[in-house]
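The values are calculated or read from the model by the stated rules, or taken from the named source; none is laboratory data. Predicted model only: the values in this text are computed from it and were never measured. For neighbour counting, all protein chains shown are included, and Cβ atoms are generated from backbone atoms with ideal geometry for every residue, glycine included. Note: areas computed on protein heavy atoms with side chains; ligands, DNA, RNA excluded. Shrake-Rupley method; radii C 1.70, N 1.55, O 1.52, S 1.80 Å.
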Amino acid sequence: MSDHKQQQPAPGRGKVLEALARAERAVFTRPAPKSAKAQVKFLLTRAKGSTKAVAERLGVSRRTVERYRAGKLTTPQKRLQAALVEETESDWQPQVRAQVRAAASSSRGMMVEVTAYFGFTCTGSSDDGRERQITTDISPTYVKQILELQEAGATEEDLHPIVAEAITESYFTEWGTRADGLRADFTAVSSISFRF
């Protein structure tokens, strides 16, 4: 994975939420607008021309939005540039995103690759907790729960237990064929990525 894709999470987002956003961006069939002018025009189209709505979304004045739309300003400051990319990509190709999410939630599932500290509780004995790098499939049932939580505005802390439960089912208990009663929790997530 390139350094660009392994960038730090956006402000206010944790690693799991950012990994879900990267996975969605990876399924786009066309690249999202890159220039500030094109991004502002796209956001204005989505907001039915309301400069007030776009300004509120980006945390800038209406006049700033108008200047970018007209091409009078072309190089946004870092915070605005990050907001433009974030907001544009969150609205880009909603039908493609919806199709992929629906398929992952109903039949395909998705792949997760995570490096984190895993601790265990179970009846009987188990390995002590330690950092592990795990790549495994997640069942559609868990994908649906994860995506629903994401859409409902869940925090990183809300998502950790369900992602840990999904990894436990597929990786540690092998879909219920071994280690009955095992529960794994993960903390100190070093890296995580999802693939639809």
Review point. For segment 102-123, how many residues meet the condition of being of a type in the set (D, E, K, R) and part of a strand (DSSP E or B)?
Key: 1
Study note, to complete from the structure: Looking across segment 87-101 at residues that are touching a helix residue (DSSP H, G or I) at 6+ places or on another chain (Cβ under 8 Å) and assigned to a helix (DSSP H, G or I), the single one that is farthest from residue 31 (Cα to Cα) is 101
Check your understanding: Which residues, counting only those in segment 23-45, are among the charged types (D, E, K, R), open to solvent by 40 Å² or more (accessible area, probe 1.4 Å) and at pLDDT below 95?
Key -> 25, 30, 34
Practice item. State all residues of segment 46-63 that are open to solvent by 30 Å² or more (accessible area, probe 1.4 Å) and either β-branched (Val, Ile, Thr) or assigned to a helix (DSSP H, G or I) (or both); if no residue qualifies, say none. Key: 46, 52, 53, 56, 57, 60, 62, 63
Check your understanding: Pairs, please: C-beta under 7 Å, at least 6 apart or cross-chain, first residue more than 19 Å from residue 162 (Cβ to Cβ) and in segment 103-131, second exposed (fewer than 12 other Cβ atoms within 10 Å of the Cβ) and modelled with pLDDT under 95?
Key -> 123/181
Study note, to complete from the structure: Of the listed residues (63, 69, 97), the one being within 24 Å of the chain's Cα centre (by Cα) and either among the charged types (D, E, K, R) or more than 16 Å from residue 165 (Cα to Cα) (or both) is 97
Exercise for review: Take segment 164-192 and flag every residue that is of a type in the set (Ser, Thr, Tyr), open to solvent by 20 Å² or more (accessible area, probe 1.4 Å) and in contact (Cβ under 8 Å) with a residue 12 or more places away in the chain.
Suggested key: 171, 187, 190, 191
